[in-house]
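Every read-out reported here was derived from the displayed coordinates using simple, explicitly stated rules and does not represent laboratory data. The model shown is predicted, which means the values in this text are computed figures rather than measured ones. In this analysis, Cβ positions are derived from the backbone assuming ideal geometry, glycine residues included, and neighbour counts consider all displayed protein chains.
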Amino acid sequence: EELPLHRKLEAMWSRHRNRVVSCFECKRKHEVSDAASSTNCPGCSAHIDLRDYKITTSFSRSIRTRGDVHLTTKGDLSSTSVVCSSAIVEGKLRGNLECEESMTLNLVGRIPGRIGAQHMTVERKSDIQCFRRVRVTNIDIKGRMSGEIVASGSVTIYKTGALDGNVTAKSIAIEKGGMFSGQLVIGQANLTQGELLSETKAAEKKSESDIPLGAAQPLHAT
């Protein structure tokens, strides 16, 4: 069962006594105390920030942490680069945000920077415009979203959701009442970060998706 947002917040802040983190530089993993605010990689000695960040006002410094980020409704995050474990975004996001695990978007507004996560959720009351390609493993769209999505896994549009934009994914599912407008490429699961879909290449593989509003059955493309 889907957790409400406040429960997601509680789950995000409450952790086990110990956890395993990976080094940003050499990717080596090691166990750290949950109480630690930072550590050094036993392999390459690189510093690793473990702090959680709660953004309640204007914030412009870059963040690279194995902790979590909560951008509150009054927060204004203009950092060029933010890298974290998980994030909940309710305020103004101007820069790039990359989550190792999950990202929850619960806002109305524009997102000009690059965003990416293993699992992304666009909450029901959200209405967002993404100007850069969104990269995820899986994404659940419960609100309104416009922008291009590249998913190595699945794209799910719930009955309250609407997506306007092109999708490249391994699979897509649209619940009855969900809306999708855009071009669809299924099976392109191995796009790398720097790989671009040229218009010619995309035209060869894209199939137009014209799904009527409130389609009688969910669309499952595999």
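Based on the Cβ-Cβ distance from residue 17 to residue 132, what FRET efficiency comes out when R0 is 25 Å, to the nearest 0.05?
So, using R0 = 25 Å, E works out to roughly 0.10.
Starting from the Cα-Cα distance between residue 119 and residue 61, subtract it from 0.36 nm times their residue separation and give me the gain in nm to one decimal.
Gain on extension, residue 119 to residue 61, equals 18.4 nm.
Report, by chain and number, residues whose modeled amide H sits under 5 Å from the one on residue 67, excluding near sequence neighbours (fewer than 5 apart, same chain).
It is 51, 85, by chain and number.
Check which residues have an amide H placed less than 5 Å from residue 110's amide H, if you skip close sequence neighbours.
Placed amide hydrogens put 129 under 5 Å from residue 110.
From Cα pairs below 8 angstrom and at least 6 apart in sequence, can you work out the relative contact order of the stretch 28-174, rounded to a whole percent?
So the answer I get is 12 percent.
Among 81, 102, which comes first, then next, by fewest other beta-carbon atoms within 10 Å?
So the ranking, lowest neighbour count to highest, is 81, 102.
What spacing in nm lies between the two simple spin-label points modelled at residue 54 and residue 30, each 7 Å away from Cα in the Cβ direction?
Inter-label distance under the simple model: 3.0 nm.
Please turn the phi angles of the stretch 122-138 into ³J(HN,Hα) values with the Karplus equation 6.51 cos²θ - 1.76 cosθ + 1.60 (θ = phi - 60°), one per residue in order, whole Hz, x for glycine and proline.
9, 5, 4, 8, 6, 8, 10, 10, 9, 8, 10, 4, 9, 10, 9, 8, 10
Among 180, 24, what is the fewest-to-most ranking by other Cβ atoms within 10 Å?
Fewest-to-most ranking of 180, 24: 24, 180.
Would you please calculate the Kirkwood hydrodynamic radius of the stretch 51-100 over all C-alpha pairs and express it in Å, rounded to one decimal?
Evaluated on the stretch 51-100, it is 10.2 Å.
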